[in-house]
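These notes are about the structure you will find just below.
The values are calculated or read from the model by the stated rules, or taken from the named source; none is laboratory data. All values reported here derive from a predicted model rather than from experimental measurement. Using ideal geometry, Cβ is built from the backbone for each residue, glycine included, and neighbour counts are taken over all protein chains shown. All accessible areas refer to the heavy atoms of the entire protein, side chains included, with ligands and DNA or RNA removed. Shrake-Rupley method; radii C 1.70, N 1.55, O 1.52, S 1.80 Å.
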Amino acid sequence: MNGISLVTVTFAVVITGAALWKYRSKRNRLSNHRYSLQRILCYGREDVKIVLIETLEDWIKVSKNVINDICESGMIGLDVEWYNNGRIALMQLALTNGLCLLVRLNRLKCIPDGLLRILQDKKILKIGVGIQEDCAKILIDYECTCRNWMDIRHLVRSRRQHCTKLGMAGIAQEVLSLTLDKDWRIRAGDWEEGFNKDGKLSPRQIEYASNDALVALNV
């Protein structure tokens, strides 16, 4: 009987120790993310790097490191843009290390395999504003089910009940003290052929799109 009790107590100590280690490890990882994110609040800061993905070759060049970084952090900021009633033309992914990918799906004509796996992975949290609608459109346009997402509007509403402006601009101002460029002409602009109809995204389109993913992740 004493032997059984001793084994039980020892086992309990091991389990408790493992749980504490896991908790501390997770908390340390979140602290590291917070420190990193404080330096990459928005597009234009020195720790932010924007990469345009316009071909499958562009994706292949960055995909290995990007997938590893996302799997390690377990979270991304996610947003999409489209023009008129067309298919999604641009997908924005913000990483905790300051990298923001602007994937021009209208040029690629598909979601690359590695990106598909990220979107479908239940272990990777996708963070955005109005992200349920975005995920529904991803499913309709590209037959991809986006799993494990969180709309930060619900988080802000629960933590800051006085906040009534729950769009991206209002949340950025309330939580991060950032003023975003939310010119409707940029939002409603041509995400397929660019603002100047030359096939290239304008600097303001790039800033607008990048901030939506980066700010969501930071909030």
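Which helices, taking whole DSSP H runs in the chain, have alpha carbons extending 18 angstrom or more along the helix axis plus mean Kyte-Doolittle at least 1.0?
Answer set is empty.
What does the C-alpha gyration tensor say about the overall shape of the stretch 45-137? Classify as rounded when a/c is under 1.5, otherwise prolate if a/b is larger than b/c, or oblate.
Rounded, because the longest to shortest axis ratio a/c is under 1.5.
Measuring with a 1.4 Å probe in the full set of protein chains, what accessible area per residue, in whole Å², belongs to the chain?
On a per-residue basis, 58 Å².
Give me the number: length gained by fully extending E72 to K197, i.e. 0.36 nm times residue separation minus the C-alpha to C-alpha distance, one decimal in nm.
Working: separation 125, 0.36 × 125 = 45.00 nm, distance 3.85 nm.
Result for the pair: 41.2 nm of gain on full extension.
What FRET efficiency do you get for L30 and E133 if R0 is 41 Å and r is their Cβ-Cβ distance, rounded to the nearest 0.05? Write out the running numbers ahead of the final one.
Working: r = 28 Å, r/R0 = 0.68.
Efficiency at R0 = 41 Å is approximately 0.90.
Charges only on Cβ, +1 for Lys and Arg, -1 for Asp and Glu: so what's the dipole of the stretch 177-219 about the Cα centre, in debye to the nearest 20? Show your work: numbers first, answer last.
Numbers: 6 positive and 8 negative charges, 20 e Å.
Dipole size: approximately 100 debye.
In square angstrom, rounded to the nearest 10, how much accessible surface does R117 have for a 1.4 Å probe?
Around 150 Å² of this residue is reachable by solvent.
K61: which aspartates and glutamates have alpha carbons under 14 Å from its alpha carbon, excluding same-chain residues fewer than 8 sequence positions away?
Excluding near neighbours in sequence, the set is D113.
Can you put H33, H162 in order of accessible area, largest first, using a 1.4 Å probe?
Most to least solvent-accessible, the answer reads H162, H33.
Could you order peptides 192-203, 101-112 by the average number of other Cβ atoms within 10 Å of their residues, highest first?
Sorting 192-203, 101-112 by mean packing, highest first, produces 101-112, 192-203.
Could you give the length gained by full extension between E143 and K123, i.e. 0.36 nm per residue of separation minus their alpha carbon distance, to one decimal place?
That pair, E143 and K123, stretches by 5.2 nm at full extension.
Peptides 46-58, 205-217: what's the order by average Cβ count within 10 Å, highest mean first?
In descending order of packing, they fall as 205-217, 46-58.
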